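Have a look at the structure below before the remarks.
None of the figures in this text is laboratory data; all of them are computed from the coordinates on show. Being a predicted model, the structure only gives us computed values, none of them experimental. For neighbour counting, all protein chains shown are included, and Cβ atoms are generated from backbone atoms with ideal geometry for every residue, glycine included.
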Amino acid sequence: MMLVASAGLKGGYCKALQTIFGTNFASLILITVSILVLKGFLDINEQWFNSIKILGCLYIAYLGFQILKEVLFSKAGELSSQSKSLDGGFKQGFLVGISNPKDIIFFAAFFPQFV
């Protein structure tokens with residue numbers, strides 16, 4: 001939600017909408033993975049799941065570091081050239097959404113009622 005709000009403030013409605021589409025597409029992929037796991041068609045190795053969690057944490061930490069760096073080292077009122085990578089968009093929304101493995105756990109707990 002913070003990414004979408006930030007994208008909306010920095011890039012306007014269009015950039016926020018692109019970010020929403022990216023996060024929703026990532027959620028659709030994670031929904032598909034969780035359904036395949038529940039049905040027994042896909043077996044996720046615990047090491048793979050742990051590595052995905054670690055990569056997701058590192059990516060989110062990287063984004064936080066970039067934001068802190070931008071705030072601390074940019075002059076007041078001046079946008080840094082690095083802020084363009086933090087403006088959101090489809091790619092940014094997708095990467096944040098797909099690097100969040102708790103969605104798989106949520107959907108795996110939610111869908112057995114309906115599947």
(Q) With the crude spin-label approximation of a point 7 Å out along Cα→Cβ, what separation in nm comes out for residue 14 versus residue 45? (A) 4.4 nm
Q: Calculate the spin-label point distance for residue 32 paired with residue 65, positioning each point 7 Å from the Cα along the beta-carbon direction, and give it in nanometres.
A: 3.2 nm
Q.
Can you give me the angle between helix 2-39 and the longest principal axis of the chain, using Cα atoms only, in degrees from 0 to 90, rounded to the nearest 10?
A. 10 degrees
Q) For 70, 46, what's the fewest-to-most ordering of other Cβ within 10 Å of each Cβ? A) 46, 70
Q | Tail beyond 24 Å, pair distance distribution of the chain (Cα, percent) | A | 36 percent
Q: Run the quick spin-label model on residue 5 and residue 54: label points 7 Å from Cα toward the beta carbon, then report their separation in nm to one decimal.
A: 3.3 nm
Q) On a 0 to 90 degree scale, rounded to 10, what angle separates helix 46-73 from the longest Cα axis of the chain? A) 10 degrees
Q) Which value in deg cm²/dmol, rounded to the nearest 500, describes the helix-derived mean residue ellipticity at 222 nm for the chain, given -39,500 (n - 2.57) per DSSP H run of n ≥ 4 and division by the residue count? A) -25500 deg cm²/dmol
(Q) Quick check on my link table: of 53/91; 39/91; 69/102; 39/102, which ones sit more than 21 Å apart, alpha carbon to alpha carbon? (A) 39/91; 69/102
Q: Take 20, 52 and order them by how many other Cβ atoms sit within 10 Å, fewest up front.
A: 52, 20
